[in-house]
1. What about Ala238, is it in a loop (DSSP other than H, G, I, E, B) and either small (Gly, Ala, Ser) or within 21 Å of Ala50 (Cβ to Cβ) (or both)?
2. Given the options Tyr92, Tyr125, Tyr113, name the one that is aromatic (Phe, Trp, Tyr), at pLDDT below 95 and over 30 Å from Phe215 (Cβ atoms).
3. Can you pull out every residue in the stretch 211-235 that is surrounded by 18 or more Cβ atoms within 10 Å (Cβ to Cβ) and under 23 Å from the mean Cα position of the chain (by Cα)?
4. Say we look at the stretch 254-268 and pick out the residues that are surrounded by fewer than 16 Cβ atoms within 10 Å (Cβ to Cβ) and modelled with pLDDT of 90 or more; which of these is nearest to Asn289 (Cα to Cα)?
5. Please enumerate the residues belonging to the stretch 247-282 that are under 17 Å from Ala175 (Cα atoms) and assigned to a loop (DSSP other than H, G, I, E, B).
6. Somewhere in the stretch 160-176, is a residue within 30 Å of Gly65 (Cβ to Cβ), surrounded by fewer than 14 Cβ atoms within 10 Å (Cβ to Cβ) and of a type in the set (Ser, Thr, Tyr)?
7. Is it the case, given these coordinates, that Gly136 is free of Cβ contacts under 8 Å to residues at least 60 places away in the same chain, loosely packed, with under 13 Cβ neighbours inside 10 Å, at positive phi and out of contact with any Ser or Thr (no Cβ under 8 Å at 6 or more places or on another chain)?
8. Among the residues in the stretch 290-299, are any modelled with pLDDT under 95 and of a type outside the set (Gly, Ala, Ser)?
Amino acid sequence: MKGKLYIALALLASVALTSCDEDAQFRGELYKKVIYVLSNTDYTFEAEHALGETSTGYVTVYCGGTEHISKDVTVQLEYDDEAVGKYNYINYDLDESRYAHELDPKHYTIENYSVVLKANSPDNYSLLPIKINPDGLSPDSIYFIPLRIKSVSEHEINPDKQYVMYRVLLKNDYATMKNTTYYQVTGVETRGSDAAGISITRIVAPVSKNQVRFFAGTTTYNPTTVTKEEIAKLALVATINADKSISVSSYSGCEVEQIEDPESNFCEVNARKQYVFHMHYRYKDTNGNWVEMVENCVQRN
């Protein structure tokens, strides 16, 4: 009987010791400070930048843990020349036409690759500023600035969150690449002597401060699968001039002629604060036939 009692007491003591060990481990993990950079699950972080100007975006460096740091922590970042290649392999394999690009240094400036997490700051993060000049970038390409944590003056680096690929998204007043921008188009399409009413949803992409790209007529496309050949054949540009008149031109090869009509080629803002493009032009379709378009294009919110 006494033997059974000793065994029971020993088991209880073992359980208690194990529980204490687990509690101590939990407390250790809870209060452990680790340094990491903010990113999505695929190590990307997206930010919009307006065409026609230089603007500043930020990479955020955090210190995890339930307690605030007791002294300043210096975090040194560096350019990661392998990250974009890994991203392309994982997401696109051998389809090089869809590969993301490392942003050309002429489009951005990082003045200092170091940030300091301040002990006297109420925040557990610090920001690394990046100045971006997006002019000249294509709405059809993915652009990254790949960075990683090189060193920290205190604590540990989180090995699963030490990378970030800062993605530059284009925007202007009329369209953005953060989400696909749609315009609702109504009007009249004339092929030869045949005229017909139209109603379609059109994708519009920003290409400069006062220009957007769209596909001619009633042609639609998928932004993730559209090819350079399709863009060359059917893409047009609407330029919104200072007087709010609109000039329609070719983006990269589609033959187009604007039909000069001041009452049909202008931009306005309607009562719902939506941009409205009124356009009158004709273009050659893929069969070489002229198609005339009279359009009213309303931005969808």
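The values are calculated or read from the model by the stated rules, or taken from the named source; none is laboratory data. This one's a predicted model, so the numbers in the text were calculated from it and none came from an experiment. So basically every Cβ, Gly included, is an ideal-geometry build from the backbone, and we count neighbours across all protein chains shown.
1. Numbers: in a loop (DSSP other than H, G, I, E, B): no; either small (Gly, Ala, Ser) or within 21 Å of Ala50 (Cβ to Cβ) (or both): yes.
In short, no.
2. On the way: Tyr92 fails: over 30 Å from Phe215 (Cβ atoms); Tyr113 fails: at pLDDT below 95.
Unique residue meeting the criteria: Tyr125.
3. Passing the criteria: Gln211, Val212, Arg213, Phe214, Phe215, Ile231, Ala235.
4. First, pick out the residues of the stretch 254-268 that are surrounded by fewer than 16 Cβ atoms within 10 Å (Cβ to Cβ): 255, 257, 259-263, 268.
Applying the additional criterion that residues be modelled with pLDDT of 90 or more yields 255, 257, 259, 268.
Working: Glu255: 10, Glu257: 13, Ile259: 16, Glu268: 31 Å.
Per the criteria, the residue is Glu255.
5. Tyr251, Asn270, Arg272, Lys273, Gln274
6. The initial filter retains those residues of the stretch 160-176 that are within 30 Å of Gly65 (Cβ to Cβ), namely 160-167.
Filter once more, keeping what is surrounded by fewer than 14 Cβ atoms within 10 Å (Cβ to Cβ): 160.
Now restrict to residues that are of a type in the set (Ser, Thr, Tyr): none.
No: zero hits.
7. Numbers: free of Cβ contacts under 8 Å to residues at least 60 places away in the same chain: yes; loosely packed, with under 13 Cβ neighbours inside 10 Å: yes; at positive phi: yes; out of contact with any Ser or Thr (no Cβ under 8 Å at 6 or more places or on another chain): yes.
Judged against the criteria, Gly136 is a match.
8. Our first condition is that a residue be modelled with pLDDT under 95; within the stretch 290-299, this holds for none.
No, that holds for no residue.
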